[in-house]
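Below is one structure; the comments refer to it alone.
The values are calculated or read from the model by the stated rules, or taken from the named source; none is laboratory data. Not measured: the values here are computed from a predicted model. Cβ atoms come from the backbone with ideal geometry, glycine included; neighbour counts cover every protein chain shown.
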Amino acid sequence: MSTDPADARAAGLHLPPGLLRGERGAVARAISRIEQGAPDAAALRATLVPHLGRAHVIGITGAPGAGKSTLVHALLGELLARGQRIAVVAVDPSSPLSGGAVLGDRVRMGEHGAHADVFIRSVASRGHLGGLSPTTRAIVDVLDAAGFHTIIVETVGAGQSEVEIMAVADTRIVVCPPGLGDEVQAIKAGILEIADLLVVSKADLPGADAAARDLREMLHLRAQGAAGAWKVPVLSVHASAGAGMAALADQALAHGGHGGHGRRLHVDPKAAAAAAASARVFRLAAGDPYARATGIVCVRGGPGGAEVQLTLRPDHLNFNGTCHGGVIFALADTAFGLASNSHGTVAAGIDAHITYQQAARAGETLTAQAREVSRSRKLAVYRVDVTRADGRPVSSFTGTVYVTGQHHD
């Protein structure tokens with residue numbers, strides 16, 4: 001039995017002896033207590049608080065099959081070579097029989113799993129939405145208190161729903177594989193808002209250059225940050241061959257230095273909700289085949305709001321050579337639908353009115369901005385203003401929705 005005074009104090013404060021020194025057994029036992037919901041789990045979490053905020057938490061998220069686990073394995077090796085102590089929390093889908101993790105990331109990362117400076121834990125999502133497990137944040141706290149320099153959190157490949165990682169990670173890496181067509185386009189749009197680094201995986205495959213180009217173009221639609229704000233890089237990697245991993249590690253560490261560590265300890269719930277709503281709006285827009293066919297592009301979203309644009313083509317015109325009224329209605333109605341569904345609850349339009357102020361012609365870009373005017377438990381009202389690039393009004397639209405009890409996510 002240990003007689004170390006620090007261990008004695010830790011035991012009295014519900015911390016397993018050796019946890020603060022990063023002893024693997026102590027770390028594993030603390031995580032197990034949290035996962036199992038032990039009676040003293042809440043007390044354990046409370047005693048971790050003075051020891052938090054030192055680790056750099058990197059979140060790895062993206063589409064199923066994007067190569068996240070291979071990338072995590074390669075990033076582990078790169079950071080180890082730089083003298084870091086690293087922990088990995090790999091969130092797996094739950095077994096329908098046992099409720100446990102089924103993919104076994106620890107097996108796939110076996111090369112590094114036995115290293116003295118590496119700790120890998122697979123946890124089950126247990127059906128939890130958002131790409132994480134209910135205990136992920138608490139597990140990250142344990143690893144932070146244990147003194148790991150970097151904690152990598154790999155989410156379930158749940159695609160566009162993974163905005164929850166923003167509340168845990170200091171640096172969010174979104175992994176996008178090439179060659180998945182419209183499906184990956186929707187995923188990219190849905191989680192673009194949370195990315196600090198965008199990574200095209202499997203850079204050896206055809207279509208990788210096009211995927212990187214698409215991501216750079218999508219970044220141009222993102223609102224420009226203030227002076228000195230972090231500029232999101234787009235990187236291409238071939239993780240299984242180690243190609244591009246040094247540059248990825250450099251950028252991840254640079255972002256950690258830019259934004260700081262321990263951001264999860266100071267997350268603004270309103271900011272997190274706004275980012276989730278924004279990601280949802282982009283995802284819904286990307287999944288709208290009519291909007292895509294018409295050429296309508298979503299450029300901004302948030303709680304109760306959306307902004308879409310359309311550059312008028314010759315086939316958008318009527319017999320008078322000006323924009324067809326139905327096209328303007330479709331543009332305004334798209335903004336209305338996105339804004340009213342931004343909260344995550346399905347909203348069904350029940351009434352709409354539109355007025356037209358001025359004509360528009362081919363080559364002009366129209367912008368429709370929707371905002372929430374009022375919202376109750378069952379009804380919400382929205383106003384949409386359609387304008388030219390110079391700000392002149394083209395149309396005004398008002399709509400009412402019925403708020404259902406169904407959820408998008």
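Of the residues that sit in the range 270-320 and are β-branched (V, I, T) and in contact (Cβ under 8 Å) with a residue 60 or more places away in the chain, which one is nearest to I194 (Cα to Cα)? Steps first, please.
First, the residues of the range 270-320 that are β-branched (V, I, T): 281, 294, 296-297, 299, 308, 311.
This time we only want the ones that are in contact (Cβ under 8 Å) with a residue 60 or more places away in the chain, so: 281, 297, 299, 308.
Working: V281: 13, V297: 19, V299: 15, V308: 19 Å.
It comes out as V281.
Within the range 47-60, restricting attention to residues that are of a type outside the set (V, I, T) and touching a residue at least 12 places away in the same chain (Cβ under 8 Å), which residue is farthest from T150 (Cα to Cα)?
The first filter runs over the range 47-60 and keeps only residues of a type outside the set (V, I, T), leaving 48, 50-56, 59.
Next cut, touching a residue at least 12 places away in the same chain (Cβ under 8 Å) only: 48, 51-56, 59.
Working: L48: 17, H51: 15, L52: 13, G53: 11, R54: 9, A55: 5, H56: 5, G59: 11 Å.
For the range 47-60, the residue satisfying everything is L48.
Just give me the residues in the range 229-250 being more than 15 Å from K202 (Cβ to Cβ) and aliphatic (A, V, I, L, M), in sequence order.
Of all residues in the range 229-250, those more than 15 Å from K202 (Cβ to Cβ) come to 229-233, 246-247, 249-250.
Selection gives A229, V232, A246, A247, A249.
May I ask you to list the residues in the range 25-40 that are surrounded by fewer than 18 Cβ atoms within 10 Å (Cβ to Cβ) and either more than 20 Å from D117 (Cβ to Cβ) or in contact with a strand residue (DSSP E or B) (Cβ under 6 Å, 6 or more places away or on another chain) (or both)?
Correct list: S32, Q36, G37, A38, P39, D40.
Conditions tested, residue by residue: (1) assigned to a helix (DSSP H, G or I); (2) in contact with a helix residue (DSSP H, G or I) (Cβ under 7 Å, 6 or more places away or on another chain); (3) over 20 Å from V153 (Cβ atoms); (4) not charged (D, E, K, R).
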site	(1), (2), (3), (4)
G25	yes, no, yes, yes
I31	yes, yes, no, yes
G37	no, no, yes, yes
L44	yes, yes, no, yes
V57	no, yes, no, yes
V89	no, yes, no, yes
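Mind checking which residues of the range 357-407 are touching a residue at least 40 places away in the same chain (Cβ under 8 Å) and either loosely packed, with under 15 Cβ neighbours inside 10 Å or touching a Pro at 6+ places or on another chain (Cβ under 6 Å) (or both)?
Within the range 357-407, R361, A362, G363, T365, Y402, T404, G405, Q406, H407 qualify.
With at positive phi and at pLDDT 90 or above as the only criterion, which of G59, G77, G83, G67 stands out? I'd like the intermediate steps shown before the answer.
Values: G59 fails: at positive phi; G77 fails: at positive phi; G67 fails: at pLDDT 90 or above.
From the options G59, G77, G83, G67, the qualifying one is G83.
Taking strands (runs of 3 or more DSSP E) that do not extend beyond the range 194-311, which have at least 1 residues that are under 17 Å from K68 (Cα atoms)? First the steps, then the outcome.
Working: elements: 197-200, 234-236, 297-302, 305-311.
Output list reads 197-200, 234-236.
Which condition breaks for T322 when tested against (1) of a type in the set (S, T, Y); (2) closer than 29 Å to A167 by Cβ; (3) at pLDDT 95 or above?
(2)
Of the conditions (1) surrounded by 18 or more Cβ atoms within 10 Å (Cβ to Cβ); (2) over 25 Å from A272 (Cα atoms); (3) touching a strand residue (DSSP E or B) at 6+ places or on another chain (Cβ under 6 Å), I354 clears all except one; give me its number.
Only one criterion is unmet by I354, namely (1).
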